[in-house]
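What follows is a short report on a single structure.
The values are calculated or read from the model by the stated rules, or taken from the named source; none is laboratory data. What you see is a predicted model; the values in this text were computed from it and never measured. Neighbour counts run over all protein chains shown; Cβ positions are idealised from the backbone, glycine included. These accessible areas exclude ligands, DNA and RNA; they are computed on the full protein's heavy atoms, side chains included. Shrake-Rupley method; radii C 1.70, N 1.55, O 1.52, S 1.80 Å.
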Amino acid sequence: MQQEIKQSTTTGQVTLERADGTTVQFSNGGVDGEFEVIITDQELIPALFERVGECDGDYLVRGLKLGAATPVVKLSGKYVVYGNPANVMLAKQK
């Protein structure tokens, strides 16, 4: 399984929204602008990515608005968060 969603930042961070509405942020490699968030269940993570944290529970990843719609990916469970200067990868743990 792999999904991709685009976000934009002025703080060099990806933002995840918890079920209670609060947010948590992780580094995307410190780059401002548009970047891609990759959600995967693969175990092998490319060497280009550096581990920047983990999250456990229910989260939403909101993407950039596309016309009238805003794409949202729902996460549930434990994920390890990896970042590089162009992308963030959320890898689901078993």
Name the most mobile residue of L16, L44, L64, meaning the one with the largest mean-square fluctuation, in a Gaussian network model of the chain with Cα contacts below 10 Å. L44
Nitroxide proxy distance, nm - points 7 Å out along Cα→Cβ at A86 and V24: 2.8
Just grab the label-to-label distance for Q42 and D56, each label 7 Å out from Cα along the Cβ direction, in nm (one decimal). 2.6
Quick one: pull the percent of accessible area on the chain belonging to carbon and sulfur, 1.4 Å probe, ligands and nucleic acids left out. 49
Might you tell me the accessible area per residue for the chain, computed with a 1.4 Å probe and given in Å²? 57
Please name whichever of T15, F26, A47 sits farthest to the positive end of the charge dipole of the chain, dipole taken about the Cα centre and charges placed at Cβ: Lys and Arg +1, Asp and Glu -1. T15
What does the charge dipole of the chain about its Cα centre add up to, to the nearest 20 debye, if the Cβ of each Lys and Arg holds +1 and the Cβ of each Asp and Glu holds -1? 160
